[in-house]
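Working notes for the structure below.
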Amino acid sequence: MKSENKLIGAGLLTAITASLCCITPVLALIAGTSGIASTFSWIEPFRPYLIGFTIMVLGLAWFQKLIPITIGNQKEIDCECEPDKKPKFTQSKTFLGIVTVFAIAMMAFPYYSGIFYPNPEKQIAVVDESNFKTTEFKISGMTCHSCEEQVDHEVNKLSGILSSKVSHENGNAIIEYDRTKINAYEIEKAIGSTGYKVTGKIEN
């Protein structure tokens, strides 16, 4: 049982660690401290290995739970002197099931993190379309959809933003804005406030 509990603990820990880079931006949003959003972005390269390890140890825990261990032709009983003793909750299949579901939720977090970000409704009156301007901001440090949502959220808090498209895969944010109300420097500053770094700009 002790080895099984260690496997459960290890699986839970690695699942949480694997998703820290994606959970942190949401925690930053909730705490109102956007600057910590990129704190754990360095974990991203290790994420596939952490997920693989989580699946392995939880799979082994389920194997030990479901498949009886036999020595010769005799089933191994945890406590022969108390065969009817009810196992602790932390040693039950229910607990292992809860941990497994939680681990899956943590590992899949980047794909549904957007639900935690409000979608502000903006009413922007633009008099002259010649005031429209589009700038591509090159950004380093983004690793998942949660990072995109954090940058997008901070940018859209600004007045004069018409549209924004943020991509962690391309490492950029393409922002369309009304240059009479806001400029590229202010947008860059907003992006930088999340902890991600603007490495360049391409203005159209």
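Pairing residues of segment 38-61 that are more than 14 Å from LEU20 (Cβ to Cβ) with residues that are hydrophobic (A, V, I, L, M, F, W, C) and surrounded by fewer than 18 Cβ atoms within 10 Å (Cβ to Cβ), at Cβ distances under 6 Å and at least 6 apart in sequence or on separate chains, gives VAL57/ALA10.
Checked against (1) surrounded by fewer than 20 Cβ atoms within 10 Å (Cβ to Cβ); (2) assigned by TED's automatic domain parsing to the domain that holds CYS21, PHE132 meets all criteria but (2).
Sort out which residues of segment 147-180 are farther than 17 Å from THR194 by Cα and surrounded by fewer than 21 Cβ atoms within 10 Å (Cβ to Cβ), and write them in order of number. Residues satisfying the conditions are SER159, GLY160, LEU162, SER163, GLU169, ASN170, GLU176, ASP178, ARG179, THR180. Listed by first and then second residue, the pairs with beta-carbon distance under 6 Å, at least 6 apart or on different chains, first residue in segment 131-152 and without any contact (Cβ under 8 Å) to a residue 24 or more places away in the chain, second assigned to a loop (DSSP other than H, G, I, E, B) and crowded, with 24+ Cβ neighbours inside 10 Å, form an empty list.
Hey, among the residues in segment 75-92 that are in a loop (DSSP other than H, G, I, E, B) and modelled with pLDDT of 60 or more, which one's nearest to ILE16 (Cα to Cα)? The selected residue is SER92. Checking each residue in segment 135-181 for being of a type in the set (Gly, Ala, Ser) and more than 17 Å from ILE202 (Cα to Cα) picks out GLY141, SER146, SER159, GLY160.
The values are calculated or read from the model by the stated rules, or taken from the named source; none is laboratory data. The model shown is predicted, which means the values in this text are computed figures rather than measured ones. So basically every Cβ, Gly included, is an ideal-geometry build from the backbone, and we count neighbours across all protein chains shown.
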